[in-house]
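In what follows, a structure is listed as structure tokens, so that the remarks can point back to it.
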Amino acid sequence: MRRGLISRSLTELPDAVLDARVARVRAALAAASLDALVVYTNNTRPAGVSWLTGFVPYWSEALLVLPREREPVLVVALTYRVKTWIERVSRVADVIHTPRIGLEAARLLADIKADAAVGIVDRDELAAGIVADLREKGARLTLRDATGLFAALRAEADPAEIALTMQATSIAQRALAKASGKSLAGMLAAVEGHARELGAEEVYLAAAPDLARDARLVRIEGETRLGDSFALRATVAYKGSWVRLVRTFAPSEDGATAARFAAAVAALPSARGLGGCSSWLVEGCRTTQPLAPLMGSRLSEGSVPLTARSLVSVQASFEHDGRRMLIGAPALLAAPGEAASLLVHL
């Protein structure tokens, strides 16, 4: 469950931006001969619905029903007492409350067209109970996987998404700047507290307390002894945009690692610049998961093709002067033939 304040800013995310995204989806549905799109959301898979409506759940789950020729409706498994809040933060025609969201979504779809062809984002990851309810109430509906269709629409970031990601990056950077002193627990508390003061909806922190012994970033419980070199990672969400920022704290850091990292990121979507890393990972949003693994040195299933003008978060491990250095930041991929760029000065 999230703890930060979730609200919507019409300045940062105007209605016109959401309307334009919905219009693009409708055009894609028409081209694919689909009558509607269904997108699932919960607190771990919020990205698809938030991209289309601005809604980010604290808990529970919901289905967005987006017909090709009608306004979107949000079917939520939340009590009626949160209806006014959902309406404030969402760009939808209606919010329907029910404990069985699949049944109500199917009823809506069948009322529009009994034998509608319905695209479902991340169809194979939708809970079996929800799929069963969709089939029960919509016996004549044709349910098709629309993951690829939606991923293609999400791939290229629009200006509003870039601006929100830059704000999330700024929050993460300013929060990590509060990490000082000899107590790791104190540092983590200061980083999280400042990120929330700056408006972060969620903050997840991890640390590698002694890079000379172990470079894995893990969640820290209680106090842990720090080595000469250690690393912190802040994962921050702001208005539905998620980023990761990794910083190594080491004596006599001369900026060489940051320069190597920036050069490696500039080569994306090619991984050739990251070839000298002991490990690396590129994450980004394709459908509903905010930071899904796309490419990486340890991904056993291969890479997901990166698209021009998409937003990603990159993490890498370098050796510098005999020390292990961890570094990571969000980046914006460029058009073919141009260099990708980091969203923050490291």
From LEU10, LEU63, LEU29, residue being outside the structural domain of ALA128 (by TED's automatic domain parsing) and either farther than 17 Å from LYS239 by Cβ or outside any helix (DSSP H, G or I) (or both): LEU10
Residue, farthest from HIS97 (Cα to Cα), within the range 107-140, restricted to residues that are under 30 Å from the mean Cα position of the chain (by Cα) and acidic (Asp, Glu): ASP124
Those helices (runs of 4 or more DSSP H) lying entirely in the range 122-208 with at least 2 residues out of contact with any helix residue (DSSP H, G or I) (no Cβ under 9 Å at 6 or more places or on another chain): 147-154, 159-176, 184-197
Inter-residue pairs, beta-carbon under 7 Å, first not assigned by TED's automatic domain parsing to the domain that holds GLN167 and in the range 307-335, second buried (at least 24 other Cβ atoms within 10 Å of the Cβ), 6+ apart: none
When residues of the range 237-260 are limited to those that are of a type in the set (Val, Ile, Thr) and assigned to a strand (DSSP E or B), the one surrounded by the fewest Cβ atoms within 10 Å (Cβ to Cβ): THR248
Subset of the range 215-232 that is part of a strand (DSSP E or B) and in contact with a helix residue (DSSP H, G or I) (Cβ under 9 Å, 6 or more places away or on another chain) - its residue that is nearest to ALA200 (Cα to Cα): LEU232
Residues within the range 74-128 that are buried (at least 18 other Cβ atoms within 10 Å of the Cβ), of a type outside the set (A, V, I, L, M), closer than 22 Å to THR287 by Cα and free of Cβ contacts under 8 Å to residues at least 60 places away in the same chain, tallied: 1
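The values are calculated or read from the model by the stated rules, or taken from the named source; none is laboratory data. If you're wondering where the values come from, they're calculated on a predicted model, not measured in any experiment. We place every Cβ from the backbone using ideal geometry, glycine too, and count neighbours over all the protein chains shown.
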